[in-house]
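To keep things clear, I will list the structure first and then write my remarks on it.
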Amino acid sequence: MDRFARLVSRLLRVPVAFVSLVEEERQILPGLFGLPEPWAVSRTLPLSHSLCRYVVASGQPLIVPDARADDRLRTDPALGDLGIVAYAGMPLTDADGLVLGALCAIDHEPRTWGEGEPADLEDLAAACSAELCLRILSARSRSAQKVLETARAAAERARNHAERLEQEAQLGMDHAELLLRASEELAQTSGLEDVRRRLRDLFVGAGKPSYVGLLVADKDELHRIADPDIEHSVEREVLTLPVSAAFPSTRAMRERRAVFVPDREALVAEYSPEAVGFFDRMGFTTVLCLPLWGSRALLGVLAVCWTKRHEVGVTERATLTAASGYIAQAVERALHLDERISVARQLQEAMLTDLPVAEGIEISALYEPAAVGDMIGGDWYDAYHLPPASSGGAPGALMVTVGDI
């Protein structure tokens, strides 16, 4: 815009020229030449000092040889403060023809404007208007681009927020389903192997662990209950751990609290090289060990492992802790049932005696319980020789007894 002011000064041979844009309360000067201070620094003029406002108001050129002799202008403070005597202003318009301001030529002496000078000023004003239109379009384009970018950013944030809400909702559904499955699946378990089998498909969803291990306490050791149907390398390698071992699971047992290992760095910092080597071989990165509390004592530990780093939030930890409560109840029932079955089997075995050897007769026995695999019932049998009828005589008769309680 300064270039247009210089062109006006050279072409019309005037000491002052400027490009003005008239606003409601002031006049902005994006281009100027020869204007004294402080106007040159601020590049603004109050409307009281603006002859260009007459150009904007009328939409027509304003050509004045001597403003002091013009009834409209002679009282304008710009004449004294800016030294305006002769004035020529051409309208500057936008693409729609709206007058934005004026391209002005100012002389400090009275002046009769030459025949071609208004036309030259008009041509320069047309070129200046075209430049302003380009700048307006460019500004609008930048504004539209900024609005578009803002809208895209807002849409991206909204999409991310929606995805986050969807993930949280899915996690909530997964957690609720986990607790529902745990309450249903583990209520009908019949032994530790059955509990371990049902754990296999209990954990599903977005945060599904890579491995879930069940370790049961026995005096000063933790015994891992192996999956009866699927062979896991974890269960082949470490089946028994002393409670004193520096493993996350044994720590949970010793300290009777949940133990969380977020990554390998934490494992190396707090646990034994044996534990680090074991987890490296298994490919585990994140581990959560939860104590299994029975009605009277601590029964063991549930080990939940992920191969990739996994953030266990407050809600997920609460859900897993609640699920471990169902698992602990199932383990307690299974241990009680296994103990009763063990005692019953011992009693049954005591009632199924070894058969004697008898001359002239072959004796064999078959015990077939009603429940396949249990070998438990009230059945019994025995065979034994009666005392001889007389001293020194032949052996007594063979007595066979078979019973059912």
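Of everything in region 318-370, what is modelled with pLDDT of 80 or more and among the acidic types (Asp, Glu)? Give them in sequence order.
Passing the criteria: Glu332, Asp354, Glu359, Glu362.
Going through region 306-330 one residue at a time, which ones are within 24 Å of Ala217 (Cβ to Cβ) and touching a Gly at 6+ places or on another chain (Cβ under 7 Å)?
Ala328
Under 9 Å between Cβ atoms, at least 6 apart or on separate chains: pull out the pairs that start in region 103-121 with a residue that is closer than 18 Å to Arg53 by Cα and touching a residue at least 40 places away in the same chain (Cβ under 8 Å) and end on any residue that is assigned to a helix (DSSP H, G or I) and of a type in the set (D, E, K, R).
Leu103/Glu122; Ala105/Glu117
Working carefully through the options Arg309, Arg296, Arg257, find the one that is within 26 Å of Arg198 (Cβ to Cβ), touching a residue at least 12 places away in the same chain (Cβ under 8 Å) and surrounded by fewer than 13 Cβ atoms within 10 Å (Cβ to Cβ).
Answer to the selection: Arg257.
Please enumerate the residues belonging to region 287-310 that are assigned to a strand (DSSP E or B) and over 18 Å from Val238 (Cα atoms).
Listed by number, the residues that qualify are Leu290, Pro291, Leu292, Trp293, Leu298, Leu299.
Looking at the structure I just gave you, is Val41 in the same structural domain as Ser20 (by TED's automatic domain parsing) and either small (Gly, Ala, Ser) or in contact (Cβ under 8 Å) with a residue 12 or more places away in the chain (or both)?
no
Of all residues in region 321-342, count the ones that are under 39 Å from the mean Cα position of the chain (by Cα) and without any contact (Cβ under 8 Å) to a residue 40 or more places away in the chain.
Counting residues in region 321-342 that are under 39 Å from the mean Cα position of the chain (by Cα) and without any contact (Cβ under 8 Å) to a residue 40 or more places away in the chain gives 4.
Determine which member of the set Leu320, Leu299, Leu347, Leu337 is within 19 Å of Pro242 (Cβ to Cβ) and either out of contact with any Lys or Arg (no Cβ under 9 Å at 6 or more places or on another chain) or outside the structural domain of Arg197 (by TED's automatic domain parsing) (or both).
Every option except Leu299 fails the conditions.
Taking region 56-85 as the search range and keeping residues that are among the β-branched types (Val, Ile, Thr) and over 13 Å from Ala105 (Cα atoms), which one is surrounded by the most Cβ atoms within 10 Å (Cβ to Cβ)?
Val56
Which residues, counting only those in region 371-405, are of a type in the set (Ser, Thr, Tyr) and either modelled with pLDDT under 75 or surrounded by 12 or more Cβ atoms within 10 Å (Cβ to Cβ) (or both)?
Tyr381, Tyr384, Ser390, Ser391
Here is a check on your reading of the model: is Arg317 touching a Ser or Thr at 6+ places or on another chain (Cβ under 8 Å) and surrounded by 14 or more Cβ atoms within 10 Å (Cβ to Cβ)?
In short, no.
Yes/no per residue for (1) in contact with a Phe, Trp or Tyr (Cβ under 6 Å, 6 or more places away or on another chain); (2) small (Gly, Ala, Ser); (3) surrounded by 11 or more Cβ atoms within 10 Å (Cβ to Cβ); (4) within 30 Å of Arg224 (Cα to Cα):
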{"site": "His336", "(1), (2), (3), (4)": "no, no, yes, yes"}
{"site": "Arg345", "(1), (2), (3), (4)": "no, no, yes, yes"}
{"site": "Leu352", "(1), (2), (3), (4)": "yes, no, yes, no"}
{"site": "Ser364", "(1), (2), (3), (4)": "no, yes, no, no"}
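The values are calculated or read from the model by the stated rules, or taken from the named source; none is laboratory data. Just so it is clear, the model here is predicted, and its values are computed rather than measured. Cβ: placed from backbone, ideal geometry, glycine included. Neighbour counts: every protein chain shown.
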